[in-house]
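Down below is the structure, laid out as structure tokens.
The values are calculated or read from the model by the stated rules, or taken from the named source; none is laboratory data. Quick caveat: nothing in here was measured; it's all calculated off a predicted structure. Counting neighbours? That spans all protein chains shown, and the Cβs are built from the backbone with ideal geometry, glycine included. These accessible areas exclude ligands, DNA and RNA; they are computed on the full protein's heavy atoms, side chains included. Shrake-Rupley method; radii C 1.70, N 1.55, O 1.52, S 1.80 Å.
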Amino acid sequence: MSLGDWPEIQYAAIGDDQVAFAVFGDGPVDLLLFSGLGSHVELAADDPDAVRLLEGLASFSRVIFFNRRGTGLSDGIGRGGLPTWEDWTDDLTAVLDAVGARSASLLAMVDAGPIALQFAATQPDRVESLVLVNSTARFSRDVDYPIGMGSERIDTIVELIGSTWGKVAFVEATNARVGAPAETARLVARQLRACATPGTAAAQ
């Protein structure tokens, strides 16, 4: 699959905002896929790993791949008023409605996980199954979540995002694909720059 035969980018409306998505395959199972911050429904065509994932999922399902507001091709958000996890669940509702899906299986990655959990908890009739990849119920440590990160570590991560987002150095520091070609790192860095500014990424 290449950008030349990439599905048409479509948009679901939430008030005045628009959420970008593309549909892959036509299998009997509806699968809602979202990767969180740094995801781009069009530039994923440049990433061989993303293409393989989408091709594999589309072999048995209708994959609805979307960007939440604040990243990728979807409308941006102001840094002074970030949506809550609950607000972001409206993005899922809008996309499902736009494709005419009463319910779907959810596959959420990294920081999309809490949004998927919130959606599943509040709209269980619209969730067939839930798969979380490299995610967590929350990120910060609390009395009832001792495995979370402490405030100093979170501050360090936010600083890293704010200072290196969209650069090859950020990809090399955070990407799990050890030994990937240098060209892959450049492509991922380009995708990150297209998704959000460093300030917006750090705020999220």
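Dividing the Cα radius of gyration by the Kirkwood radius, what Rg/Rh value follows for the range 37-85?
Rounded to two decimals, Rg over Rh is 1.08.
Kindly write out, for the range 11-19 in residue order, the coupling ³J(HN,Hα) from the Karplus curve 6.51 cos²θ - 1.76 cosθ + 1.60 (θ = phi - 60°), rounded to whole Hz, with x marking Gly and Pro.
9, 9, 9, 10, x, 8, 8, 10, 10
For ILE14, list long-range residues whose amide hydrogen, built 1.01 Å from N in the peptide plane, is under 5 Å from its own amide hydrogen.
For ILE14, whose amide H was placed from the backbone, the distant partners under 5 Å are VAL19.
Under the rule of at least 5 residues apart or a separate chain, name every residue whose amide H is placed under 5 Å from the amide H of GLY76.
GLY70
Please report the orientation-averaged projected area of the range 45-126, defined via the convex hull of its C-alpha atoms, in nm².
Projected over every direction and averaged, the Cα hull of the range 45-126 covers 6.1 nm².
Rounded to a whole number, what % of the accessible area of the chain do carbon and sulfur atoms account for, probe 1.4 Å?
52 percent
Residue by residue through the range 186-193, what is 3J(HN,Hα) from phi via Karplus (6.51 cos²θ - 1.76 cosθ + 1.60, θ = phi - 60°)? Round to whole Hz and write x for glycine and proline.
5, 5, 5, 4, 4, 5, 4, 5
Tell me, what is a quarter of the convex hull surface for the C-alpha atoms of the range 115-188, in nm² with one decimal?
Averaged projected hull area, Cα only: 7.2 nm².
When ligands, DNA and RNA are left out and all protein chains stay put, how many square angstrom of accessible area per residue does the range 1-115 have with a 1.4 Å probe?
In whole numbers, the range 1-115 has 40 Å² accessible per residue.
Kindly write out, for the range 134-149 in residue order, the coupling ³J(HN,Hα) from the Karplus curve 6.51 cos²θ - 1.76 cosθ + 1.60 (θ = phi - 60°), rounded to whole Hz, with x marking Gly and Pro.
Karplus values, whole Hz, x for Gly and Pro: 6, 10, 7, 5, 7, 10, 8, 5, 8, 4, 9, 8, x, 7, x, 7.
Based on alpha-carbon positions alone, could you give the equivalent ellipsoid semi-axes of the range 1-90 from the gyration tensor, as √(5λ), descending, whole Å?
24, 14, 11
Under 14 Å from the Cβ of GLU42, count the other residues' Cβ atoms, weight Lys and Arg +1, Asp and Glu -1, and hand me the total.
Combined, the nearby Lys, Arg, Asp and Glu give -2.
Select from LEU106, PHE139, PHE60 the residue farthest towards the positive end of the dipole of the range 36-184; place +1 on Cβ of Lys and Arg, -1 on Cβ of Asp and Glu, and compute about the Cα centre.
So the residue we want is PHE60.
Can you list residues whose amide H is under 5 Å from GLU128's amide H, if they're 5+ apart or on another chain and H is modeled 1.01 Å from N?
Under 5 Å from the amide H of GLU128: ALA104, SER105, LEU106.
Only bridges whose two residues both fall in the range 1-128 count here: according to DSSP, what percent of them are antiparallel, nearest 5?
45 percent
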